[in-house]
Amino acid sequence: MSQSPQVHRPNACLKKRQQTGQRSYAQGQAPQLNALLALDRRASVDQVTDVLNTCWGAWGRNPQLATTMLSQLAKARRGDVASHVMQGMMLQQVETNVFHYNVAIDATAKGKQWQLALDHLRFMPDAKAVPNQITYNATISACEKGGQWQLALDLLSIMPDAKVVPNQITYNATISACEKGGQWQLALDLLSIMPDAQVVPNQITCNAAISACEKGGQWQLALDLLSFMPDVKVVPDAITYNAAISACEKGGQWQLALDLLRFMPDAKAVPDAITYNAAISACEKGGQWQLALDLLCFMPDAKAVPDVITYNATISACEPDGQWQLALDLLSIMPDAKVIPNQITYSAAISACEKACFLIWFEPPAKNAVLSFLGHPL
């Protein structure tokens, strides 16, 4: 049986050659990339321009090479250098398009340089580059990471005028900005208008909204959102439960915190150290030192590693009920657990002893002797 003759597709071959050429150009830019990454944060536009002196011609012929360089700077979180590269391109009259601006804004977002992100967005009309959905999402993300929730909301509000449609990523970043800014009401408002905007919430959306409620002390709303998730076909994960348990902890609802922890296996959500820390802290605030100790003891079975926060909360739980022996026992086993006590640890242990009238009756010399025994002389 004869073989069919091999058919050559000129377009496919040309595309492959172009991709190979782009990779070789990108590899050829490695020395310039390394030189850019070696620049300190005070580097000037002139310094960046000098480094790229041999690249401008190639970038003019193939603007995608500039995008590759900017992408590498974004991965390195060098938004400052990426911004200088953009300025250098304009000075050298090298084409700057929406792809360049999007990558540059992403670089500034990763570097938490929201001011530079806004500058890029403002300069785009001068470069005849039209912002798109990716542009606004990256800029809002930069504002979110920089704690600028007001600016994130402003950007969301002007998107319709720019004829850009917000999507799930847009709302997630804006809700997260409100969460970080302690604006739980605004976070819930945004969540509520998503159906009208024909945008479907996802796990990230719900987690950010629940976290906003947690930070705002709204444990009831946090639980309402958790119960609402199945209605929108969103599956809660460990982050969801961590935020909800933390909300219950802040609201003094230790029973609900433990109920959520117990329910996690049924929801196929795996508790981690953050989960147990929040639950132990809830027990501590509720005066439930036995339960706090039980949770600490159970953590190895759950493959969750206790940290200094875990021990601090458990030792603090021993304080109100005068369980100074347990507090000191926990303090003494921390080195074996490879956990280093901090000032909070020692303060909680000392307070537990004082509450039990163990140290309060001693004069300062005797108290210092006990502290020295604990390995923390004052």
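Taking the criterion of being crowded, with 24+ Cβ neighbours inside 10 Å and under 12 Å from A208 (Cβ atoms), the residues of segment 153-194 that qualify are Y171, N172, A173, T174, I175, S176, A177, C178, E179, A187, L190.
Among the residues of segment 317-345, the ones that are in contact (Cβ under 8 Å) with a residue 24 or more places away in the chain, more than 25 Å from A238 (Cα to Cα), within 30 Å of the chain's Cα centre (by Cα) and assigned to a helix (DSSP H, G or I) come to 2 in all. Restricting segment 332-378 to residues that are among the small types (G, A, S) and at pLDDT below 80, the residue that is surrounded by the most Cβ atoms within 10 Å (Cβ to Cβ) is A356. Please enumerate the residues belonging to segment 38-95 that are crowded, with 17+ Cβ neighbours inside 10 Å, under 16 Å from F123 (Cβ atoms) and in contact with a Phe, Trp or Tyr (Cβ under 6 Å, 6 or more places away or on another chain). Once the filter is applied, which keeps residues that are crowded, with 17+ Cβ neighbours inside 10 Å, under 16 Å from F123 (Cβ atoms) and in contact with a Phe, Trp or Tyr (Cβ under 6 Å, 6 or more places away or on another chain), segment 38-95 yields A66, V94. Residues that are over 18 Å from C283 (Cα atoms), β-branched (V, I, T) and at pLDDT 95 or above number at least 3 in the following helices (runs of 4 or more DSSP H) confined to segment 198-260: 203-215.
The values are calculated or read from the model by the stated rules, or taken from the named source; none is laboratory data. Given the structure is predicted, the values throughout are model-derived calculations rather than measurements. Note that we place each Cβ from the backbone using ideal geometry, even for glycine, and neighbour counts take in every protein chain shown.
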